[in-house]
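The values are calculated or read from the model by the stated rules, or taken from the named source; none is laboratory data. Because the structure is predicted, anything quoted here is derived from the model rather than measured. Virtual Cβ from ideal backbone geometry, glycine too; neighbours counted across all protein chains shown. Note: areas computed on protein heavy atoms with side chains; ligands, DNA, RNA excluded. Shrake-Rupley method; radii C 1.70, N 1.55, O 1.52, S 1.80 Å.
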Amino acid sequence: MSDSVLVTGVDELATGSPQPVENGSVDEDGLCILRGAALVVQDGRVAWLGPADRAPAADRCIDLGGRAVVPGFVDSHAHLVFAGDRAAEFEARMTGTPYGAGGIRTTVAATRAADDELLRGNVRRLVGEMARQGTTTIECKTGYGLTVGDEARAIRIAHEECDAATFLGAHVVPAEYADRRDAYVDLVRGPMLAACAPYADYVDVFCEHGAFDEDETRLILDAAKGHGLAVRLHANQLGHGPGVQLAVEYGAASADHCTYLSDEDIAALAGATSAGSTTVATLLPGVEFSTRSPYPDARRLIEAGATVAIATDCNPGSCYTSSMPFCIALAVREMRMSPAQALLAATLGGARALRRTDVGHLTVGARADFAVLDAPSYLHLAYRPGVPLVTSTFKAGTKVGNDEVESNGLNPYR
Ligand SMILES: [Zn+2]
């Protein structure tokens with residue numbers, strides 16, 4: 001058993017759970033807030049939390065000096081295994097060229113040309129960047145290799161460096177298969193899946209016009225289920241389509257993007273929640289920001305009863321932010337979520353999108369993942385956009401994100 005650590009000086013603790021705690025108050029969005037709080041961490045878990053004046057004794061004490069504490073963010077959608085840089089594409093987009101799925105191929109070429117060390121260094125750099133902004137649980141997808149060998153090394157790196165690894169061989173049809181789509185789908189659901197499944201928690205498909213259609217998506221999901229992988233889907237990002245309905249039909253953990261939703265799509269997501277087999281609607285407002293696109297209607301989803309998460313979609317093309325605080329600010333400002341809804345979506349919602357019950361909230365028994373804000377309240381996450389409010393991040397009770405940037409001296413941008 002490790003030393004117990006008492007964390008005091010917490011002016012405001014947002015537990016991220018509707019579960020009431022002594023002296024806490026739960027607001028209408030289900031966020032429990034406790035003022036003048038303390039918590040005890042032992043063996044990487046929350047052993048106790050409650051009013052500071054009733055805190056038990058512990059082996060050591062950390063005084064945060066009157067700051068706010070929130071659960072570590074759960075970033076349930078990120079593409080971190082890549083090389084290369086697409087700043088020029090961003091510049092072109094900002095000066096008039098619309099976003100399409102084809103730009104992914106630029107990153108594919110750079111990723112294939114990179115060695116393992118460079119790819120791993122880039123993932124570690126981004127994981128560190130996320131940790132410094134309060135993120136403690138990260139899902140990471142493949143999808144920039146698109147050969148059996150390149151996807152296999154990407155899923156291995158994702159599995160080793162992140163909390164959940166997702167096989168996304170069906171990200172885009174690579175250029176060499178442009179005239180042979182069927183052959184590429186067969187490769188993905190055959191040898192590529194077989195090589196990646198041992199390291200993968202999830203399968204994902206970019207089900208979108210210009211990427212993979214409904215029939216292709218079904219073939220890949222059926223094969224992945226045969227390997228025991230759970231499902232998540234890129235759905236309804238660039239237009240209306242079958243993605244959300246497929247996600248719910250396949251019992252996906254999450255349907256991601258959800259920018260263009262019909263009434264039937266919203267009913268399906270809400271129905272999945274009420275049936276208990278939740279397919280979370282994961283919204284990625286950084287993408288709409290970075291591609292200057294209309295935002296998803298978060299309010300409609302929440303009012304219908306769907307479970308909503310927000311995530312960064314950190315990737316070199318459509319959204320190169322690693323910042324959950326920035327996405328929270330966007331969710332509040334642009335998607336009209338309340339600050340409490342946005343915080344819950346970035347913590348508990350993300351955990352649900354990854355089917356994790358031990359993270360995304362601070363309750364007794366949960367992993368001791370939390371971010372300390374140089375602010376009196378979590379409200380400042382949206383109130384002070386772009387400000388580095390996270391002063392320290394703890395994962396399983398240990399400080400993370402303060403290491404020097406790990407790039408192994410290699411330049412990931414070339
Ligand atoms: Zn994505």
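Where helices (runs of 4 or more DSSP H) fall wholly inside segment 292-398, the ranges with 3 or more residues that are of a type in the set (A, V, I, L, M, F, W, C) are 298-304, 324-334, 339-344. Scanning segment 203-216 for residues that are over 18 Å from Glu151 (Cα atoms) and within 15 Å of the ligand (Cβ to nearest atom) yields Cys207, Glu208, Gly210. For residues that are surrounded by fewer than 24 Cβ atoms within 10 Å (Cβ to Cβ) and touching a Lys or Arg at 6+ places or on another chain (Cβ under 8 Å), scanning just segment 120-151, find the one that is farthest from Leu381 (Cα to Cα). Ranking the candidates gives Thr147 first. Taking the numbered list (1) open to solvent by 10 Å² or more (accessible area, probe 1.4 Å); (2) more than 16 Å from the ligand (Cβ to nearest atom); (3) within 21 Å of Ala311 (Cβ to Cβ) in turn, Leu221 passes all entries but (1). Filtering segment 178-187 for residues that are over 23 Å from the mean Cα position of the chain (by Cα), more than 16 Å from the ligand (Cβ to nearest atom) and open to solvent by less than 10 Å² (accessible area, probe 1.4 Å) leaves a non-empty set.
The strands (runs of 3 or more DSSP E) found wholly in segment 1-64 and carrying at least 3 residues that are in contact with a Gly (Cβ under 6 Å, 6 or more places away or on another chain) occupy 32-42. Looking across segment 77-88 at every residue that is modelled with pLDDT of 90 or more and away from the ligand (no atom under 16 Å from the Cβ), the one that is nearest to Asp163 (Cα to Cα) is identified as Ala83. Per the listing Ala211, Ala253, Ala247, the residue uniquely modelled with pLDDT of 95 or more and touching a helix residue (DSSP H, G or I) at 6+ places or on another chain (Cβ under 7 Å) is Ala253.
Each residue in segment 224-259 was checked for being open to solvent by less than 20 Å² (accessible area, probe 1.4 Å), outside any strand (DSSP E or B) and touching a residue at least 60 places away in the same chain (Cβ under 8 Å), and 2 of them qualify.
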